[in-house]
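See below for the structure under consideration.
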Amino acid sequence: GLSRVLGNCLHHENARIHRSINASSLLNRTWSYRFHKGRSNNISTSTDYPEFRDLPHIKTHNDLYKFSIEDPELFWSRLARSRLTWSKDFSTACKSDFSKGKFGWFEGGVLNASVNCIDRHLEKRGDEIALIWERDEPGTHRFYTYKKLSEMVGKIGNLLTNSGVKAGDRVAIYLPKSPTAIATMLACARIGAIHSVVFAGFSADALAGRINDAQAETVVTANQTIRGGKLIELKKMVDAAVSKSPCVKRVLVYYRTEAKVPMGKLDIDMTKAMVQESPNCPVVERNSEDTLFMLYTSGSTGSPKGITHSTAGYLLYTNVTFKHAFDYNVGEKFGCVADIGWITGHSYVLYGPLSNGGTTLLFESTPLYPDPGRYWEMVERLKLNHIYLAPTSLRMLLKSGDEYVKKYDRSSLRKLGCVGEPLNHEAWEWYYNVVGERRCDIIDTWWQTETGGICISPRPSEIGADIQPGMPMRPMPGIDLALFDSQGKEVKGEDVEGALCIRRPWPGMARTIYRDHDRFLKTYFQTVPDVYYTGDGAHRHKEGHYQITGRMDDVLNVSGHRLGTAEIEDVMDDHPDVAETAVVGFPHDIKGEGIYAYVVLKDGRKTKKNELDQQLRNAIKKKIGGLALPEVILFTPGLPRTRSGKIMRRILRKVASNKFDELGDTSTLSEPEIVDFIINKHKELL
Ligand code: 6R9
């Protein structure tokens, strides 16, 4: 059983590790210089971690890290009691059973996430700014104080309750990045409903799939949205989705623009209805382990999975990592530009910043609108102290030239963060030298939808020491990293690589895949027993610094967005003229990874290839969304296979990456001539 699973998975995975490392031409692992040399390695327990002030042996970052691993019970329970507000104290910090994929944190405790993100700040910080809404229309930002946000949350909470939403119900949110979206998420938390935010760039079909999987009776959307000056008919998409989702009983419609849209019998004009509601909404208390939210993400096989997060553990983990990864001080303006449809938006636009009483940015626009200076003009106008973005946007912006940056005053910036994909050499340099004027720390953070919050990051607040370009470097406190080889054996020492795993539970980890615990167990806890298996490969450098080498499974990372190759293949396979398909990733200058589709057509079809190309693209756009469109669709009479019939994806990736001399031994293929055909066709397309 297990050894077979291990053998199969890891053999394949290990091949991917090496592939990712070789293919990462964007990465330069041999950086020799360092920054901030000579600063103190001491942490100040009195300011950074007052919870451990009485423990004299904790003087440095390393001491704290060691302590967090040796005594996680004490480490996490002290933080939980001091950083969160409870209505009932918990009894145990952590219960875990890796073999069942069961984890429980702070059991016995009772709390509410909206109280932790809003109510408890009202007395001291009620008139301070909670949200800065940077609207799509340049120069038209709006401020929302904690008081104002509290009123919105109360009104929406009451509206939801009065419409029939109860604790434990799922609420699908398909909204532009706006105060209404944040308030709706918090209103769900307040009444104990589970929010399931769907990125507004996903198609109606993708939305319907997620609504149905979650059995959501309630959808919250907007009449329209604007992105980069373009209107998007959001409500129309929801109408199309709802027609395929019989479980939906009500649709709340927020008016983002003045435009009237047809309202059906399920629809409620949220903007109007809120006027009638009281701003005081009773709190529904939650147990620590009650689900706070679910969020769909792509896996290597099957349909997207509804990752669920707990109330207490998730909230504590985002609270603590937000403060310490970014060295955030209350009063500073934190600018995470990610959409709320992704985990980054959940953890570092909403829950991390607001649970800390911080000021957080909602960026509704795009980095190129109205021109590539948008971020930096916004930094100057709003005096942002932190910016947190995806490497793909840096790669795009640096091509537009330095003048778009230098034109604006960036002296308010203190820390420059990034997430989602490896930060390549060129982008790191540009971020550090041009954007940050060699003054700001670059904070490359590694984590996943499933980890809830940042797991690997340079942690400048705690060490104030060296930052090594091109890698997230150090595990956060409580995160016990280990590498494993293809035999499932731990890889020890330095300058080694392997499958990145986490050996110990942490509060922010996902608890299950909605209605599919078996898949949860299989995906994350069975490839290597007794650890959490991330699906990423990593290289451990000297001094234990980690560099991520990329996914080892069939998950693509396109502009920081996770996409399963199987999802895209499924859509194309449905076309009546298509016999079979294989989708792979290849290195892309700006997107990090591009999508490359190999398509085998059925005999006797009538449609022309260029029409088919267009039909397949339309189908992908309809079923998933524009973000899943391939760069290349290559029609081929067959796919390279082993004699036992397995598609040799390795070869398809090499061809897509122009690495014709790295194909390895092709003599074991059932039809080696297919490879020549594919190479020639690929060269024609270039
Ligand atoms: C937060 C988020 C997770 C995948 C992850 C990895 C990649 C994220 C990274 C990184 C290199 C970093 N990834 N951060 N790769 N360096 N700093 O992105 O979650 O959308 O679930 O994606 O993204 O491959 O496994 P998610």
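The values are calculated or read from the model by the stated rules, or taken from the named source; none is laboratory data. All values reported here derive from a predicted model rather than from experimental measurement. Counting neighbours? That spans all protein chains shown, and the Cβs are built from the backbone with ideal geometry, glycine included. What goes into the accessible areas is simple: the full protein's heavy atoms, side chains included, and nothing from ligands, DNA or RNA. Shrake-Rupley method; radii C 1.70, N 1.55, O 1.52, S 1.80 Å.
Summary table
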quantity: Test set (1) open to solvent by 40 Å² or more (accessible area, probe 1.4 Å); (2) in contact with a Leu (Cβ under 9 Å, 6 or more places away or on another chain); (3) more than 16 Å from the ligand (Cβ to nearest atom) - ASP530 fails condition number; calculated: (2)
quantity: Test: residue in segment 490-513 that is in contact (Cβ under 8 Å) with a residue 12 or more places away in the chain, under 30 Å from LYS622 (Cα atoms), of a type in the set (S, T, N, Q) and more than 13 Å from the ligand (Cβ to nearest atom); calculated: yes
quantity: Condition met for LEU361 (crowded, with 22+ Cβ neighbours inside 10 Å and aliphatic (A, V, I, L, M)); calculated: yes
quantity: Single residue of segment 242-269 satisfying the filter (assigned to a loop (DSSP other than H, G, I, E, B) and β-branched (Val, Ile, Thr)) that is surrounded by the most Cβ atoms within 10 Å (Cβ to Cβ); calculated: VAL248
quantity: Among (1) open to solvent by 10 Å² or more (accessible area, probe 1.4 Å); (2) more than 25 Å from VAL558 (Cβ to Cβ); (3) within 16 Å of the ligand (Cβ to nearest atom), the one test that LYS407 misses; calculated: (3)
quantity: Criterion: of a type in the set (Asp, Glu) and either under 26 Å from PRO477 (Cα atoms) or within 16 Å of the ligand (Cβ to nearest atom) (or both) - qualifying residue of GLU377, GLU332; calculated: GLU332
quantity: Any hit, segment 515-529, residues being part of a strand (DSSP E or B) and either in contact with a strand residue (DSSP E or B) (Cβ under 6 Å, 6 or more places away or on another chain) or within 30 Å of ASP466 (Cα to Cα) (or both); calculated: no
quantity: Criterion: touching a residue at least 12 places away in the same chain (Cβ under 8 Å), farther than 30 Å from ARG78 by Cα and of a type in the set (D, E, K, R) - qualifying residue of LYS522, LYS542; calculated: LYS542
quantity: Subset of segment 326-340 (residues that are part of a strand (DSSP E or B) and open to solvent by less than 10 Å² (accessible area, probe 1.4 Å)); calculated: PHE334, GLY335, CYS336
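For every residue, the table says whether it meets (1) open to solvent by 60 Å² or more (accessible area, probe 1.4 Å); (2) among the small types (Gly, Ala, Ser); (3) part of a helix (DSSP H, G or I); (4) under 12 Å from THR311 (Cβ atoms).
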site	(1), (2), (3), (4)
GLU73	yes, no, yes, no
ARG78	yes, no, yes, no
PHE90	no, no, no, yes
SER96	yes, yes, no, no
LYS100	yes, no, no, no
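Conditions tested, residue by residue: (1) surrounded by 23 or more Cβ atoms within 10 Å (Cβ to Cβ); (2) not in a loop (DSSP other than H, G, I, E, B).
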| position | (1), (2) |
| --- | --- |
| ALA130 | yes, yes |
| PHE143 | no, yes |
| LYS155 | no, yes |
| THR161 | no, yes |
| GLY164 | no, no |
| ILE182 | yes, yes |
| MET185 | yes, yes |
| CYS188 | yes, yes |
